[in-house]
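Novice: What follows is a structure written as structure tokens; I'll ask about it next.
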Amino acid sequence: MNDQKFAVWAPNAHAVQVQLGPDRLELTARDDGWWELPASAQPTVSGPIDYGFIVDGRGPFADPRSRHQPDGVHALSRTFDASAHAWQDTDWTGRQLAGAIIYELHVGTFTAEGTFEAAASRLDHLHSIGVDFIELLPVNAFNGTHNWGYDGVLWYAVHEGYGGPAGYQNFVDACHQRGIGVIQDVVYNHLGPSGNYLPQFAPYLSEAAGNTWGSSLNLDGPHSDPVRRYILDNALMWLGDYHVDGLRLDAVHALRDTSATHLLEQLAVEVAALSAETGRPRTLIAESDLNDPRLVTPREANGYGLDAQWSDDFHHAVHVALTGETTGYYADFEPLNALAKVLTHGFFHDGTYSSFRERTHGRRIDLERMPTWRLVVASQNHDQIGNRAVGDRLSEQLDTGQLAIAAALTLLGPYTPMLFMGEEWGATTPWQFFTSHPEPELGAATARGRINEFARMGWDPALVPDPQDEQTFERSKLNWNEAAEPEHARLLEFYRDLAVLRSTRPDFTDPRFDQIAVEFDAAAGWLRLHRGSTKILINLGTRPVRVPAGGGDIGLSFAAEGDAVQGRLPNALQLAPHSVVVLA
């Protein structure tokens, strides 16, 4: 029997109907703005049923809380019983973020097939490089066949091309059985440009100023309480019905909320309650460009109570140190002391002047009280690769030795490391910005906007891939055959060794800032990072260099060519160009 309760929030409507097959049934208004189908009118059917809502004669539209859109976001919704899945993860007790390694992947380009099932077939590979959490780019329903996921318009539905909601449950179940948690990237700051019918139902969008991507959600205006509930219930759906272990909250700086209790704090409260109820850790990670530690300060200390936040400053400092690129927001990170500061203080901009923003930016982290794991860092991620004009990875600019340096700084540094799919073998496939808008005018506008954006930065427009070109999407798929090629395999083995070292030597998961120290010589091009009693020696330069080392056995080493250690001197090591050595 189908026990779907056909109800929808439409506070300003005069009449609402639900379409079930050829029938249109009248809904009854409640005092709180919701419309529902009376119990006496509930259909008696077995199995899934397609349906949609008609609001004041317009529609039918998909259910704003639709769980299944098999025919796309413009079509009818289909009922989905999340409780029907027979979970096999009863032995999974969850995983705390502290000490963990995250792996960011996009389902559509992680494998040739681009499905949850195909991604699950690679879990042994991810386990071999020490992955504790898979962070999935958004999987909610969007218009078209392929997309980064940030154009989602039906947040409760899972994109059918990946495998739909049932495929998603199977994937999470498989991850848990392999000992890997799942973090879902969610977007609550805007909706995509095609298929967003929420305004047909209610004031979901704010009438105030929008953000970079369009209208903001109505988080603090009239009728905002149900909008907030819409977001909170969505978060709890992923963590509850789909057994997800955490959420990555996209661009929280774009959430416009002047309420006394910010949406993020309210979310932290409700997720903590769910975690206590289920006995499993649930993690909330914010993407924010504010450099504001209040996001991850506990509520008891007047913070928002989120668990962690991305730190782009780490990426920028590592990127500049290895590539020498200093345009745009990289400019302030040119001196090597920028990398040293990031490694020891978390943020580079912590109340300092940002030349890119032309103002003071950030707030200082309390190094005595905040644990280092609350910052999630990466040398590459979907944004920093995909938002480059041609979507080029570090492997396009760096040799294997430099890629190994980036890996060591990320995996053995003080913060929670996040890898981007394929970086572990130095994948050469780009990860470009791709869309599949069926509307020709929207596709053309997207392509034109992309070209104009990079033309202003001095890029040749002819080099910017057309997001709507099918080949832009196909080029972005990983080539797994590369991982077996000699130089790629050598780097992959180094990643595996780093993961073992991180999991077996407590210095590398110690969350105390006072156990970190950095020395460097910018002119010579070397840097030495102390993690407790362990030292990481790095030669960033193109010539051999003598690095003060003291005592210690060589636990791990890597160079672009040959041996990393070319000679051992009293209290120093002679390091090969583009090399890294771990002394235990």
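The values are calculated or read from the model by the stated rules, or taken from the named source; none is laboratory data. Just so you know, these numbers come straight off a predicted model, no measurement behind them. Here the Cβ is made from the backbone with ideal geometry for all residues, glycine too, and neighbour counts use every protein chain on show. Areas reflect the complete protein model, heavy atoms only, side chains present, ligands, DNA and RNA absent. Shrake-Rupley method; radii C 1.70, N 1.55, O 1.52, S 1.80 Å.
Novice: Would you please put 390-396, 74-80 in order of how densely packed they are, using the mean number of other Cβ atoms within 10 angstrom per residue and starting with the highest? Please list the in-between numbers first.
Specialist: Details: 390-396: 18.1, 74-80: 20.3.
Ranked by mean Cβ neighbours within 10 Å, highest first: 74-80, 390-396.
Novice: Between F434 and residues 5 or more places away or on another chain, which pairs have amide H atoms under 5 Å apart, with H built 1.01 Å from N, and which residues are they?
Specialist: Here W148 satisfy the definition.
Novice: Cross-link candidates for K341: which lysines have Cα within less than 20 Å, leaving aside residues fewer than 8 places away along the same chain?
Specialist: Of all the lysines, those that pass the test against K341 - Cα under 20 Å, at least 8 places apart if same chain - are K535.
Novice: I've got another one for you. Whole-Hz ³J(HN,Hα) for each residue in region 531-546, computed from phi via Karplus 6.51 cos²θ - 1.76 cosθ + 1.60 with θ = phi - 60°, x for glycine and proline: what do you get?
Specialist: 10, x, 8, 9, 10, 10, 9, 9, 10, 7, x, 9, 10, x, 9, 8
Novice: So if R0 is 25 Å, what FRET efficiency would H127 and N302 give, r being the distance between their Cβ atoms, rounded to the nearest 0.05?
Specialist: Working: r = 40 Å, r/R0 = 1.58.
With a Förster radius of 25 Å, E is 0.05.
Novice: Give me the accessible area per residue for region 363-464, probe 1.4 Å, as a whole number in Å². Kindly include the intermediate steps, with their values, before the conclusion.
Specialist: Working: 3580 Å² over 102 residues.
That works out to 35 Å² per residue.
Novice: With a Förster radius of 35 Å, plug the Cβ-Cβ distance of Q42 and R448 into 1/(1 + (r/R0)^6) and report the FRET value to the nearest 0.05.
Specialist: Values: r = 49 Å, r/R0 = 1.40.
Given R0 = 35 Å and the Cβ-Cβ separation, E is 0.10.
Novice: Taking a probe of 1.4 angstrom, what is the accessible area of H345 in Å², to the nearest 10?
Specialist: Counting only protein heavy atoms, H345 exposes about 70 Å² to solvent.
Novice: Which whole-angstrom value gives the distance between the alpha carbon centres of region 355-386 and region 149-204?
Specialist: Measuring centre to centre over Cα atoms gives 27 Å.
Novice: Let me ask another. Can you put T372, T212, T297 in order of accessible area, largest first, using a 1.4 Å probe? Intermediate results must be reported in sequence, preceding the final value.
Specialist: Details: T372 0, T212 120, T297 30 Å².
Final ranking, largest accessible area leading: T212, T297, T372.
Novice: Step through the residues of region 29-42 one at a time and calculate ³J(HN,Hα) from phi using the Karplus curve (6.51 cos²θ - 1.76 cosθ + 1.60, θ = phi - 60°), rounding each to whole Hz and writing x for Gly and Pro.
Specialist: For region 29-42, the Karplus curve yields 7, 9, 5, 8, x, 8, 10, 9, 7, x, 4, 5, 9, 4 Hz.
Novice: Which one, C175, P293, H106, is farthest towards the positive end of the dipole of the chain when Lys and Arg carry +1 and Asp and Glu -1 on their Cβ?
Specialist: Most positive-ward Cα: P293.
Novice: If I ignore ligands, DNA and RNA and count only protein heavy atoms, how much of R30 is accessible to a 1.4 Å probe, in Å² to the nearest 10?
Specialist: 100
Novice: Same structure, new question: Counting only helical runs of four or more DSSP H residues, what would the 222 nm mean residue ellipticity of the chain come to if each run contributes -39,500 (n - 2.57) and the total is spread over all its residues? Please list the in-between numbers first.
Specialist: On the way: 14 runs with 147 residues, N = 584.
Value at 222 nm, helices only: -7500 deg cm²/dmol.
Novice: Something else: Taking the Cβ-Cβ separation of E561 and E207 as r and a Förster radius of 41 Å, what is the calculated FRET efficiency to the nearest 0.05? Write out the running numbers ahead of the final one.
Specialist: Details: r = 61 Å, r/R0 = 1.48.
Calculated value: 0.10.
Novice: Can you give me the solvent accessible area of T283 with a 1.4 Å probe, rounded to the nearest 10 Å²?
Specialist: About 10 Å², ignoring ligands and nucleic acids.
Novice: Could I ask something else about it? Report, to the nearest whole %, how much of the accessible area of the chain belongs to carbon and sulfur atoms, 1.4 Å probe, protein only.
Specialist: Details: 11030 of 22900 Å².
Percent of accessible area from carbon and sulfur atoms in the chain: 48.
Novice: Ranked from the most accessible area to the least, with a 1.4 Å probe and all protein chains present, what is the order of W526, W431?
Specialist: W526, W431
Novice: Under the rule of at least 5 residues apart or a separate chain, name every residue whose amide H is placed under 5 Å from the amide H of Y188.
Specialist: The list, which skips near neighbours in sequence, is D250.
Novice: In Å², what does the accessible area per residue of region 151-283 work out to with a 1.4 Å probe? Let's see the in-between values first.
Specialist: On the way: 4260 Å² over 133 residues.
Result: 32 Å² of accessible area for each residue.
Novice: Which far-off residues, 5 or more places away or on another chain, put their amide H under 5 Å from the one on E104, with H placed in the peptide plane?
Specialist: The list, which skips near neighbours in sequence, is E135, L419, F420, M421.
Novice: Further question: Suppose we keep just the DSSP beta bridges with both residues in the chain; what percent of those would be antiparallel, to 5?
Specialist: Numbers: 55 of 80 bridges.
Of those bridges, close to 70 percent are antiparallel.
Novice: Over the chain, what is the relative contact order in percent, taking alpha-carbon pairs closer than 8 angstrom and at least six residues apart? Kindly include the intermediate steps, with their values, before the conclusion.
Specialist: On the way: 1236 pairs, mean separation 61.6, N = 584.
Over the chain, the number comes to 11 percent.
Novice: Please arrange D81, D521, D250 by accessible surface area, largest first, computed with a 1.4 Å probe and ligands excluded.
Specialist: Details: D81 90, D521 55, D250 15 Å².
Per-residue accessible area, sorted high to low, gives D81, D521, D250.
Novice: Relative to the longest principal Cα axis of the chain, at what angle does helix 400-412 sit, 0 to 90 degrees, rounded to 10?
Specialist: The angle comes out near 70 degrees.
Novice: Let me ask you something else. Of the peptides 533-544, 463-474, how do they stack up when ordered by the mean number of other Cβ atoms within 10 Å, highest first? Walk me through the numbers before you get to the answer.
Specialist: Details: 533-544: 19.6, 463-474: 17.2.
Going by the mean number of other Cβ atoms within 10 Å, highest first, we get 533-544, 463-474.
Novice: Can you tell me the relative contact order of region 102-221? Whole percent, Cα pairs under 8 Å, sequence separation 6 or more.
Specialist: Values: 189 pairs, mean separation 29.1, N = 120.
Reported as a whole number, the value is 24 percent.
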